[in-house]
Structure formats: structure tokens, C-alpha cells
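Readers should treat all values here as calculations from the given coordinates under stated rules, not as data from a laboratory. Just so it is clear, the model here is predicted, and its values are computed rather than measured. Virtual Cβ from ideal backbone geometry, glycine too; neighbours counted across all protein chains shown.
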Amino acid sequence: MKNRIISPSLLSADFSRLKSQIDLVVDAGANRLHLDVMDGHFVPNFTFGPFIVKAIRKLTNAHLETHLMISNPHNYIQDFIDAGVDTLIFHIEASTDVERDIDLIKKNNVLAGLAINPDTEVNILDKYLDFIDYVLVMSVNPGFGGQGFIESTLKKMEYLANLSEKKNFIIGVDGGVNLSTIDKVYDTGVDVTIVGSGLYKADDVPARFDKLMKKN
Ligand code: DX5
Ligand code: ZN
């Protein structure tokens, strides 16, 4: 069995005390953080852009995986790279030239990820799997934290987990992962779970982190 990796989603953190919210999960053992960028166009919600990512970079050495839920990601990839991200993920549904966008990320020595919506067929990814570092399987429709896990996405995780053994990418799962869903997600063979409300809304966040990691 693989070791669990949890990437806390700051979307559910209290941004008025961001530094302590980051330290809380890093001290609990998280070594990566998930940043959700939304443009009010690709998804019906807004969050933040490269300016805030750059500020977060100054607050932590944790690996920053940045999930772009934006139309025309190509126009902003360089800005997010310059902001200091470690993995940059864009949606296959949003890009007009997936190969070009992967190349742009990789030539800057940043890890490249592709995200896929619940309604998108998983085999659309096949031709890119030799070139990317990360696949983000959306298990909710992107846009908001706190939504229910879509069970049909488990099949995509299994499909990708089978392929990832021979290739060089890891698999993340994003949306609705919490104490009641996390075991079946890891049973598929994925590497990383993104947990937002299932972690930050707990009364005792470090204790919840341990529980999700199956440390107690
Ligand atoms: C949803 C975002 C997720 C979100 C997950 O569009 O991409 O990263 O923060 O939140 P939870 O864990 O609450 O479903
Ligand atoms: Zn996300």
C-alpha cells in the first residue's frame, strides 16, 4: 500500500489569518498545499490570482500545487510560474493547445499537471500521460468547496492508477474527500488527496489531519 499524501486546500482556510492556517497543517505533517485559482468564467466563482500566490510563497516552503480553474490558462501560466509555484495544473477542458501549455510549464522547470472534470472522459488524457507529472481527478464539479463526492469518478482513479505504474505521473483527487470518503479514494491507488472543508472545518485541525492520514 502507498503512503498517504494529503494536500490541504486553502480554499477552506481562514484567509484573515493565513499564515497560522498554513502553519497549522504544515506542523501537522503536510508538506504540500493546494491553491485554487478561479476566474468567474471557467467556474462560477472567484478566488485569487498570481499576486496572492506570490504572497503565499513567502509564507511557506511547502510544495505549492496550484489548480487553475480559468479559461485560456496559456495567458497566465508564466505569471503563476513567476509567482513561485512548484506544480502548475490547468484544466484539459480550458486549454486551446494542451501540448503547448505543458511545454511552457516544463521548460520553466515547474511540474505540469492536467485536471479533468467529472463529466470528461478519462481517456482524453492518454496522449499526454508520457509528458505530464500530475493528473488531478476532479471528484466534484469545480467551483466550490464543501460539495459531495461523485462516486463515478472512482473508476477514473483506478484507470489512471494502473497506467501510472509504468509512467512518471502521480494522481491527485480533488473534491469531497473527507473522513467518510478518503479510504475508498486511496483504495484505488491514487497518490495525493486534496482536502479542504474535511480538514479546515474540523474543530481540531491537527487531530483531523492525523485521522485522515490514519495515524490514529
Ligand atoms: C473545488 C476545488 C477544491 C476544493 C475542495 O473546485 O478545486 O480544491 O477546495 O474542497 P473540499 O475538500 O471541501 O471538497
Ligand atoms: Zn482544487
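Quick notes on this structure:
- Ascending count of other beta-carbon atoms within 10 Å, so fewest first, for Val195, Val43: Val43, Val195
- The range 5-213 - Kirkwood radius from inverse mean 1/r over Cα pairs (Å): 16.9
- Gaussian network model of the chain, Cα within-10 Å springs - most flexible of Ile89, Ile52, Ile116: Ile52
- Dividing the mean sequence gap of close Cα pairs (under 8 Å, 6+ apart) by how many residues the range 1-49 holds gives a relative contact order of 36 percent.
- From least to most packed, judged by other beta carbons within 10 angstrom and beginning with the fewest, Glu93, Glu165 follow the order Glu165, Glu93.
- Of all beta bridges that DSSP places with both ends in the chain, some 5 percent have antiparallel geometry.
- Based on C-alpha pairs under 8 angstrom that are at least 6 apart in sequence, the chain has a relative contact order of 20 percent.
- Modelled FRET efficiency - R0 41 Å, Asp14 with Leu129, Cβ distances, 0.05 increments: 0.65
- Projection of the Cα convex hull of the range 1-82, averaged over all directions and equal to a quarter of that hull's surface, yields 6.4 nm².
- Springs join every pair of Cα atoms under 10 Å in this Gaussian network model of the chain, and among Ser95, Ser71, Ser152 the largest mean-square fluctuation is at Ser152.
- Residue of Arg32, Arg17, Arg100 that the Gaussian network model of the chain assigns the largest fluctuation, springs spanning Cα pairs under 10 Å: Arg17
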